[in-house]
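First up is the structure itself, then whatever we jot down about it.
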Amino acid sequence: MNLTLKIWRQKNAASPGGFETHEARDVSPDMSFLEMLDMVNERLIAAGQEPFVFDSDCREGICGTCSLVINGVPHGGRKGTTVCQLHMRHFQDGQTITIEPWRARAFPLVKDLIVDRTAFDRIMLAGGFISVNTGNAPEANALPVSKEIADLAMDAAACIGCGACVAVCKNASAMLFVAAKVSHLNYLPQGRAEKDRRVKNMVAQMDQEGFGNCTVTGSCEAVCPKEINLDFIAKMNRDYAVAVVKGELKANSGGGVG
Amino acid sequence: MNFFMKIWHSSLGKKYIMGISGFVLVFFIVTHLMGNLQIFVGPYWINTYGLFLHERHEILWPARIVLLTMVVLHIWSAFKLRAENQAARPVSYAGNPAPFAASYASRTLMMSGIIIAAFAVFHLLHYALGVRAVNLTGINFSTLQDSQGRPDLYLMLLLGFSRWPISVFYIIAIGLLCLHLSHGMRAMFQSVGWKWTFGGVSHLPDKIARWFALIIFILYVSIPVAVMCGYGKAYKERALQHLTANAISGKESAR
Ligand code: HEM
Ligand code: FES
């Protein structure tokens, strides 16, 4: 099949960007979207032109690195699919395809189709972990977890942190990402000890990064390659309210029998 | 104070303010509806109710103050959230595609909200303050009295909805209010973290929101529709004859 591609070209965040139009000839319907772009890039290199830079790593839908907005929809809008798993058979011969990077103030552009998603890393550093000393793995049955809770935590943990939720949201809100990360640990007994602190710190960091707010439009859950749903945002809202209302107890300085 | 500023400055906190103020406004929408529906019981009922409310300043004024505070908080946080949301996406996508998979109601909250606010101002001028210039009947609503000398709310509604442009504006505004609520109530439950399965119904709050909006629409709109279809016609005509008779005798005695 033959396609017309309108691809975003931008040297860096400081210089202005714009679309470049390229013809992609003899595309196999069995190619993935990224393989199709590889082919376009190889032809550009062969012709002495500069290839487009884009992010990818595992190419099997598990790492969350690939990040392209296709015809206005992150990952192309097929249910539960990352762009590395999106195949060209879902497009029509002769179609024009627009390819853009994630667009959000909190994800500054690096080059062409690559954006800087370290804002997510900083949110994780604010509370997306469990404080324990390392050592031998504990006895597996010491902390019972019910099937329902384990399933919920697993659904939340499926988040690969790609940022498509931010990219698709009309408010560029990171609520679904943060909710998945907060819920994953807050559901489990290992994470529950730091539940309040976690949700407060991660939300504070999210706000500081300049993401937008949630209007519950549901765009994020529709585009999420791991099909994480809005229920986790409700859970985060609830956890945050509880944490804020509860406040914090402070131990007497010194303490102990002394 | 520190506690409130913290809530105000956090993204989730503003959504709590949005949701809680929205909830109080929804509560008002329901009580107001129950008051209005008494038109179908008859003039005696609704006029007794109206007089009761007006004489109970200890209910009326706190309610007005709370409602006004909620309206201010709701609108203020709506604009603050909007400003932050727009700042979060400085460069938009090519051709400004409509938000993917987002319902019409969820995309138009600001539009429906602003039109509701404009309607509310008109509505207050029309009925609560009885400004004659906006009711298109030429009659001063604040002077209407029933046979017992009480303010005649029943007649006021019959006259108010006897002009079709007013009824049409009313119906459109109620439609937009219910559009706002069909998504707003869903968002409200979500904002305060209530979204679970109850009694075997999954996402019960989402369903409540949709049904609630539809029922509210039907009940509110039933009043202007009934009046336009001739409900209370005999009462209205009798009262109008009475009004003209009074006006004539008033003029004569003035001469
Ligand atoms: C009787 C009048 C009103 C009622 C009952 C009402 C109710 C609600 C409710 C329940 C919500 C959901 C809150 C949440 O997301 O937690 C909401 C959201 C919203 N309302 Fe209203 N509202 C009213 C008037 C207005 C007005 C006058 C405006 C605008 C000037 C407005 C603008 C908005 C906006 C923009 C949102 C969405 C905020 C966001 O999620 O980003 N509303 N409303
Ligand atoms: S490249 Fe790893 S998910 Fe697409």
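Here are a few things to note about the model shown:
- Looking only at segment A:219-238, and only at residues there that are facing chain B (nearest Cβ under 9 Å) and charged (D, E, K, R), the one that is nearest to ligand 1 (Cβ to nearest atom): A:ARG238
- Flag for B:LEU67 being farther than 25 Å from B:PRO205 by Cβ and of a type in the set (A, V, I, L, M): no
- B:LEU60 vs. criteria away from ligand 2 (no atom under 16 Å from the Cβ), under 27 Å from B:GLY175 (Cβ atoms) and not in a loop (DSSP other than H, G, I, E, B): no
- Which numbered condition B:GLY50 misses (of (1) surrounded by fewer than 13 Cβ atoms within 10 Å (Cβ to Cβ); (2) farther than 22 Å from B:SER191 by Cβ): (1)
- Test for B:PHE100: is it among the hydrophobic types (A, V, I, L, M, F, W, C), surrounded by 15 or more Cβ atoms within 10 Å (Cβ to Cβ), part of a loop (DSSP other than H, G, I, E, B) and in contact with a helix residue (DSSP H, G or I) (Cβ under 8 Å, 6 or more places away or on another chain): yes
- Only one of the listed residues (B:ARG89, B:ARG82) is basic (Lys, Arg), surrounded by 15 or more Cβ atoms within 10 Å (Cβ to Cβ), modelled with pLDDT of 95 or more and part of a loop (DSSP other than H, G, I, E, B). That residue is B:ARG89.
- Qualifying residue in segment A:223-240 (condition: modelled with pLDDT of 95 or more, polar (S, T, N, Q) and touching a strand residue (DSSP E or B) at 6+ places or on another chain (Cβ under 8 Å)): no
- B:MET34 vs. criteria of a type outside the set (Asp, Glu), within 14 Å of another protein chain (Cβ to nearest Cβ) and in a helix (DSSP H, G or I): no
- Candidates B:ILE172, B:ILE208, B:ILE215, filtered to the one that is within 18 Å of the chain's Cα centre (by Cα), farther than 18 Å from B:LEU37 by Cβ and surrounded by 12 or more Cβ atoms within 10 Å (Cβ to Cβ): B:ILE172
- Any pair with Cβ under 7 angstrom, 6 or more apart, that starts in segment B:104-115 at a residue that is under 18 Å from A:VAL168 (Cα atoms) and at the interface with chain A (Cβ under 10 Å from one of its Cβ atoms) and ends at one that is of a type in the set (S, T, N, Q) and surrounded by 14 or more Cβ atoms within 10 Å (Cβ to Cβ): B:ALA105/B:SER182; B:SER106/A:THR215; B:SER106/A:THR217; B:ARG107/A:THR217
- Filtered by the rule that a residue be within 16 Å of ligand 2 (Cβ to nearest atom) and surrounded by 18 or more Cβ atoms within 10 Å (Cβ to Cβ), segment A:82-108 gives A:THR82, A:VAL83, A:CYS84, A:GLN85, A:LEU86, A:MET88, A:ILE99, A:PRO101, A:TRP102.
- Considering A:PRO74, A:PRO108, the condition of being in contact with a Gly (Cβ under 9 Å, 6 or more places away or on another chain) and away from ligand 1 (no atom under 16 Å from the Cβ) is satisfied by A:PRO74 alone.
Matching residues to (1) away from ligand 1 (no atom under 16 Å from the Cβ); (2) within 14 Å of another protein chain (Cβ to nearest Cβ); (3) without any contact (Cβ under 8 Å) to a residue 12 or more places away in the chain; (4) within 30 Å of A:THR215 (Cα to Cα):
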site: B:SER191; (1), (2), (3), (4): no, yes, no, yes
site: B:TRP196; (1), (2), (3), (4): yes, yes, yes, yes
site: B:ILE218; (1), (2), (3), (4): yes, no, yes, yes
site: B:GLU237; (1), (2), (3), (4): yes, no, yes, no
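- Qualifying position, being modelled with pLDDT under 95 and within 14 Å of chain A (Cβ to nearest Cβ), among B:ASN96, B:ASN140, B:ASN135: B:ASN96
- In segment B:50-93, the qualifying residues are those that are in contact with a strand residue (DSSP E or B) (Cβ under 9 Å, 6 or more places away or on another chain) and more than 9 Å from every other protein chain (Cβ to nearest Cβ), and the one that is farthest from ligand 1 (Cβ to nearest atom) is B:LEU51.
- Residue within segment B:165-186 that is free of Cβ contacts under 8 Å to residues at least 60 places away in the same chain and closer than 30 Å to A:ALA241 by Cβ present: yes
- Condition met for B:GLY149 (over 30 Å from A:LYS6 (Cα atoms), out of contact with any His (no Cβ under 8 Å at 6 or more places or on another chain) and away from chain A (no Cβ under 14 Å)): yes
- Failed item in (1) away from chain B (no Cβ under 14 Å); (2) within 30 Å of A:GLN208 (Cα to Cα); (3) touching a helix residue (DSSP H, G or I) at 6+ places or on another chain (Cβ under 8 Å), with A:CYS58 passing the rest: (2)
- Single condition B:THR108 does not satisfy, out of (1) farther than 22 Å from B:TYR220 by Cα; (2) of a type in the set (S, T, N, Q); (3) surrounded by 14 or more Cβ atoms within 10 Å (Cβ to Cβ): (1)
Yes or no, residue by residue, for (1) charged (D, E, K, R); (2) closer than 23 Å to A:THR217 by Cβ:
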{"site": "B:LYS6", "(1), (2)": "yes, no"}
{"site": "B:SER11", "(1), (2)": "no, yes"}
{"site": "B:MET18", "(1), (2)": "no, yes"}
{"site": "B:THR31", "(1), (2)": "no, no"}
{"site": "B:ILE39", "(1), (2)": "no, no"}
{"site": "B:GLU55", "(1), (2)": "yes, no"}
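The values are calculated or read from the model by the stated rules, or taken from the named source; none is laboratory data. Note that this is a predicted model, so its numbers are computed, not measured. Cβ coordinates were reconstructed from backbone atoms using ideal geometry, including for glycine residues, and neighbour counts include every protein chain displayed.
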